[in-house]
């Protein structure tokens, strides 16, 4: 099975690069524009997730490649995100102004 | 095709069979070291107010016993079978990356030597002998492990040694995942793989996802101890609980890494000696996969006494109880495999059945731990020590011995003595129950873990004495095994291709196999290729002589050279000399570059 | 980097090295995930300063981010060139990627030095240790990547790299893009969300 022929053209690569630049400009913009403060976190997460996905799908070729590679990367990625979420949840209540866990 | 002999051929080997044997002998040696540590512990605890060893020495003993058994004995013993048997079971000539395989072994050996050197090098640190071995428990809880409370090099040996060993396991993990998925013989579909290979695959995924987490935790500890960081320092706003989370996020998948291979061995052994296929193969495989996934969701059941709060405690209690389900399913499938089978009571079968019984007991005590209120009584007492040893000794060790007696003929060309094997089994079985069963009571009567002595008033003196007697009985059993091994070298019955009537591919080739394994790679058409079933006849074994010369890759020095770089680098922080890092890094880099550019055809 | 890639038949029809590398990248997700989680868990818990908002330089780091993103573009152009046999542009893009990687590292050195001068070190506070270990680990990965790229570039100069071993370049690219992607997360989580 040769995947070499399915690689995107240079044109696609350039357009992805342009998108990455624009998204980064938006990210920095959102950071500096005070009006966006209330929605800063979700907007930034969406923008950076989009950049992440673009690089992984097109530059790392995951979109066109065998789905097994998506599993090899995606499953541990999901696990890492899950662990991160669990830790944030576990610590959110534990570390309060009263000090380390055990105070409550 | 004759094989190269001599020291050089072993130092440069890239043959999975040789590497499997290297793993076996090294790991078994470390098992004996860990066992000696256990005997010293039990001798100290045989009576109240024991004086055999000081408290400081005792701390080192139980720390090294745990660390050695988990990382230097059980994991590598499993690895010896991953190495030797998996390529044979899938019909391959070797693993996907033979030099990476050798690298994993050398890093393991060097890491184990590094860790155990701590027993002897006290004088180099201006301390006595037997003074600088790791002493913070195998789980190294912060903030005891901070420089402030553990000023000596003990914890440094521990964290550096574990980092080295982690690299060995990770490299092997990537290797075996690719091997099992990509190097199977034609027709060897995933659902035709022997259960041992399936459990190996799940284990490798657990390794490559769990080890990075403890790597992070150890890196934090290293920076705290050497560079004044505050990852676990309360006064800086941090919390030692972070260590516990990171450690157990690794530690719980680690216990499944320890048990799944043994479960795989048992799943292969039982059908052979019941002359019946594994009952519910598909269910057993999926249960193994499920255990792998669910193993990630239970880690804080090791932290029920830490004050996580009722929500966290309840969630982890629920997930922990749930994970007993796929495990229980496997047990029923094993029993059903034996039921109605034509049983041959070989030593391997004894160990496999012993595994089932002992693992049930260990699993039951585990289920009692799943309840936070109950666990609050049990945690940090000998009740937990009982649980651990029923699942790891009664489980993993018995399972590994089943594999040893089962695959010894394949790996060495001789059969271990069955009568001696039975003696070994019964002495070990009785010994372990004498050693560990009383610990359930000792713990509930109030004896904490990790104390070097106890008062006679506690009322556990007699039970401790029984436990110690059991431990020494285990030692006798192991001596019987060693005698069996030694005797078999010269007087053991030579083994045919298939002394047991096994169903999987490893039994279709000579014992031991030729260096190329299969003279012709077989085409697989069923899950039980070597058996006659209602659906198919037995496969044709590969011919005795290959029809054409088979290319076998040569050896390489570079895995060993690269591996040497790691403990050298680890010496730098221990000796507080920066330039040593560069020497080690240079060794590593030279080894990697020469490895990458040498001609090596798989 | 070895002899011409012999495409062995494999059970899943996938290249062994590529499969191993994706498994490695999956494993690295857990490593960086643990480092980032620790940064997040300790965010705002420093007992003494300097604090992130006092010291992080967004304009400077934004330039670093652009630099790394452009290096990914160059990496992918390098791969495309090598695959079609255009070794002249293959070399140019490979060395350019390495150069941008070095620029990124230079930026990290400048940034770290700045921070130390302003009183933020590994041992100052939680922000110090979590920041330096996280970004330092990432930087170490970039450094390894630069070394890897330069090695490939030298092999190309020696005439030992070509379309027959384009897989080596592809795998180098996987590593490089992953390092870039981790930076995308770090830039957002550490610098922009304060």
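For residue C:144, state whether it is under 15 Å from the mean Cα position of the chain (by Cα), within 13 Å of chain B (Cβ to nearest Cβ) and farther than 25 Å from residue A:50 by Cβ. Talk me through it step by step, then tell me what you get.
Details: under 15 Å from the mean Cα position of the chain (by Cα): yes; within 13 Å of chain B (Cβ to nearest Cβ): yes; farther than 25 Å from residue A:50 by Cβ: yes.
Yes, satisfied.
If you take the residues in the range B:279-318 that are over 17 Å from residue A:83 (Cα atoms) and part of a loop (DSSP other than H, G, I, E, B), which one is farthest from the chain's Cα centre (by Cα)?
B:309
Here are some conditions: (1) touching a helix residue (DSSP H, G or I) at 6+ places or on another chain (Cβ under 7 Å); (2) farther than 17 Å from residue B:112 by Cα. Residue B:576 meets all but one. Which one does it not meet?
Every condition holds for residue B:576 apart from (1).
Can you find a residue that is surrounded by 24 or more Cβ atoms within 10 Å (Cβ to Cβ) and over 18 Å from residue B:61 (Cα atoms) anywhere in the range B:142-151?
Yes.
Conditions first: (1) facing chain C (nearest Cβ under 7 Å); (2) under 30 Å from residue B:304 (Cβ atoms); (3) at pLDDT 95 or above. Residue A:82 passes all but one, so which condition is the exception?
(1)
Of everything in the range B:226-242, what is in contact with a helix residue (DSSP H, G or I) (Cβ under 8 Å, 6 or more places away or on another chain) and either buried (at least 20 other Cβ atoms within 10 Å of the Cβ) or more than 18 Å from residue B:163 (Cα to Cα) (or both)? Give them in sequence order.
B:229, B:230, B:231, B:232, B:233, B:236, B:237, B:238, B:239, B:240, B:241, B:242
With the structure loaded, tell me whether residue B:352 is out of contact with any helix residue (DSSP H, G or I) (no Cβ under 9 Å at 6 or more places or on another chain) and within 11 Å of residue B:270 (Cβ to Cβ) or whether it fails that test.
Details: out of contact with any helix residue (DSSP H, G or I) (no Cβ under 9 Å at 6 or more places or on another chain): no; within 11 Å of residue B:270 (Cβ to Cβ): yes.
So residue B:352 fails the test.
Of the residues C:63, C:76, which single one is buried (at least 24 other Cβ atoms within 10 Å of the Cβ) and over 26 Å from residue B:215 (Cβ atoms)? Give the steps one after another, and end with the answer.
Numbers: C:63 fails: buried (at least 24 other Cβ atoms within 10 Å of the Cβ).
Result: C:76 is the single residue among C:63, C:76 that is buried (at least 24 other Cβ atoms within 10 Å of the Cβ) and over 26 Å from residue B:215 (Cβ atoms).
For every residue, the table says whether it meets (1) in contact (Cβ under 8 Å) with a residue 40 or more places away in the chain; (2) surrounded by fewer than 15 Cβ atoms within 10 Å (Cβ to Cβ); (3) in contact with a strand residue (DSSP E or B) (Cβ under 9 Å, 6 or more places away or on another chain).
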| residue | (1), (2), (3) |
| --- | --- |
| B:454 | yes, no, yes |
| B:481 | yes, no, no |
| B:485 | yes, no, no |
| B:530 | no, no, no |
| B:538 | no, yes, no |
| B:542 | no, no, no |
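Condition (residue is in contact with a helix residue (DSSP H, G or I) (Cβ under 8 Å, 6 or more places away or on another chain), assigned to a helix (DSSP H, G or I) and crowded, with 21+ Cβ neighbours inside 10 Å) applied to the range B:489-502: is it met by at least one residue?
no
Can you pull out every residue in the range B:222-240 that is under 30 Å from residue B:73 (Cβ atoms) and part of a helix (DSSP H, G or I)?
Of everything in the range B:222-240, those that are under 30 Å from residue B:73 (Cβ atoms) and part of a helix (DSSP H, G or I) turn out to be B:222, B:223, B:224, B:225, B:226.
If we scan the range B:194-211, do we find a residue that is modelled with pLDDT of 95 or more, more than 17 Å from the chain's Cα centre (by Cα) and either part of a loop (DSSP other than H, G, I, E, B) or away from every other protein chain (no Cβ under 11 Å) (or both)? Spell out how you get there, then give the answer.
Taking the range B:194-211 first, the residues modelled with pLDDT of 95 or more are B:194-211.
Then keep just the ones that are more than 17 Å from the chain's Cα centre (by Cα); that gives B:194-195.
Restricting the remaining residues to those that are either part of a loop (DSSP other than H, G, I, E, B) or away from every other protein chain (no Cβ under 11 Å) (or both) gives B:194-195.
Yes, the range B:194-211 contains a residue that is modelled with pLDDT of 95 or more, more than 17 Å from the chain's Cα centre (by Cα) and either part of a loop (DSSP other than H, G, I, E, B) or away from every other protein chain (no Cβ under 11 Å) (or both).
Filter the range A:52-66 down to residues that are more than 9 Å from chain C (Cβ to nearest Cβ) and in a loop (DSSP other than H, G, I, E, B) and give me whichever is surrounded by the fewest Cβ atoms within 10 Å (Cβ to Cβ).
At the first step, the residues of the range A:52-66 found to be more than 9 Å from chain C (Cβ to nearest Cβ) are A:53-54, A:57, A:63-64.
Then drop every residue that is not in a loop (DSSP other than H, G, I, E, B), which leaves A:63-64.
Numbers: A:63: 13, A:64: 11.
Ranking the qualifying residues of the range A:52-66, first place goes to A:64.
Please work out which one of (1) surrounded by 24 or more Cβ atoms within 10 Å (Cβ to Cβ); (2) more than 7 Å from every other protein chain (Cβ to nearest Cβ); (3) more than 25 Å from residue B:326 (Cα to Cα); (4) without any contact (Cβ under 8 Å) to a residue 60 or more places away in the chain is the condition residue B:299 fails and give its number.
Going through the list (1) surrounded by 24 or more Cβ atoms within 10 Å (Cβ to Cβ); (2) more than 7 Å from every other protein chain (Cβ to nearest Cβ); (3) more than 25 Å from residue B:326 (Cα to Cα); (4) without any contact (Cβ under 8 Å) to a residue 60 or more places away in the chain, residue B:299 breaks only (3).
Just checking: which of the helices (runs of 4 or more DSSP H) contained wholly in the range B:326-427 hold 1 or more residues that are modelled with pLDDT of 95 or more and over 26 Å from residue B:16 (Cβ atoms)? Even if it seems obvious, please write down each step before you answer.
On the way: elements: B:347-369, B:372-378, B:382-391, B:398-412.
Per the criteria, B:347-369, B:372-378, B:382-391.
Could you grab me the full set of residues in the range B:568-602 that are in contact (Cβ under 8 Å) with a residue 24 or more places away in the chain and away from chain C (no Cβ under 11 Å)?
B:570, B:573, B:574, B:587, B:588, B:590, B:591, B:594
Can you tell me which condition residue B:138 does not meet? The list is (1) surrounded by fewer than 23 Cβ atoms within 10 Å (Cβ to Cβ); (2) on the phi < 0 side of the Ramachandran plot; (3) within 14 Å of chain C (Cβ to nearest Cβ), and all the others hold.
The failed condition is (3).
Would you mind stating whether residue C:115 is under 20 Å from residue C:175 (Cβ atoms), modelled with pLDDT of 95 or more, more than 14 Å from chain B (Cβ to nearest Cβ) and part of a helix (DSSP H, G or I)? Full working, then the answer.
Numbers: under 20 Å from residue C:175 (Cβ atoms): no; modelled with pLDDT of 95 or more: yes; more than 14 Å from chain B (Cβ to nearest Cβ): yes; part of a helix (DSSP H, G or I): yes.
No, not satisfied.
Among the residues in the range C:89-112, are any within 11 Å of chain A (Cβ to nearest Cβ) and surrounded by fewer than 22 Cβ atoms within 10 Å (Cβ to Cβ)?
Taking every residue of the range C:89-112 in turn, at least one turns out to be within 11 Å of chain A (Cβ to nearest Cβ) and surrounded by fewer than 22 Cβ atoms within 10 Å (Cβ to Cβ).
Which of the helices (runs of 4 or more DSSP H) found entirely inside the range C:1-106 contain at least 3 residues meeting this: without any contact (Cβ under 8 Å) to a residue 60 or more places away in the chain? Spell out the reasoning first.
Numbers: elements: C:16-41, C:52-55, C:58-83.
Result: C:16-41, C:58-83.
Is one or more of the residues making up the range C:145-153 farther than 23 Å from residue A:13 by Cβ and assigned to a helix (DSSP H, G or I)? Outline the logic, then answer.
Filtering the range C:145-153 down to residues farther than 23 Å from residue A:13 by Cβ leaves C:147, C:151.
If we keep only those that are assigned to a helix (DSSP H, G or I) too, we end up with C:147, C:151.
Yes - at least one qualifying residue is present in the range C:145-153.
Do we have residue B:484 as assigned to a helix (DSSP H, G or I) and within 26 Å of the chain's Cα centre (by Cα) here?
Details: assigned to a helix (DSSP H, G or I): yes; within 26 Å of the chain's Cα centre (by Cα): yes.
Considered against the rule, which asks whether it is assigned to a helix (DSSP H, G or I) and within 26 Å of the chain's Cα centre (by Cα), residue B:484 comes out as yes.
Residue check: is residue A:19 touching a residue at least 24 places away in the same chain (Cβ under 8 Å), in contact with a helix residue (DSSP H, G or I) (Cβ under 9 Å, 6 or more places away or on another chain), more than 9 Å from every other protein chain (Cβ to nearest Cβ) and part of a loop (DSSP other than H, G, I, E, B)? Lay out the reasoning, then the answer.
On the way: touching a residue at least 24 places away in the same chain (Cβ under 8 Å): yes; in contact with a helix residue (DSSP H, G or I) (Cβ under 9 Å, 6 or more places away or on another chain): yes; more than 9 Å from every other protein chain (Cβ to nearest Cβ): yes; part of a loop (DSSP other than H, G, I, E, B): no.
The answer is no for residue A:19.
Given the conditions (1) within 13 Å of residue C:75 (Cβ to Cβ); (2) at the interface with another protein chain (Cβ under 10 Å from one of its Cβ atoms), report the number of the one that residue C:127 does not fulfil.
(1)
The values are calculated or read from the model by the stated rules, or taken from the named source; none is laboratory data. Here the structure is a predicted model, which means the values were calculated and not measured. Counting neighbours? That spans all protein chains shown, and the Cβs are built from the backbone with ideal geometry, glycine included.
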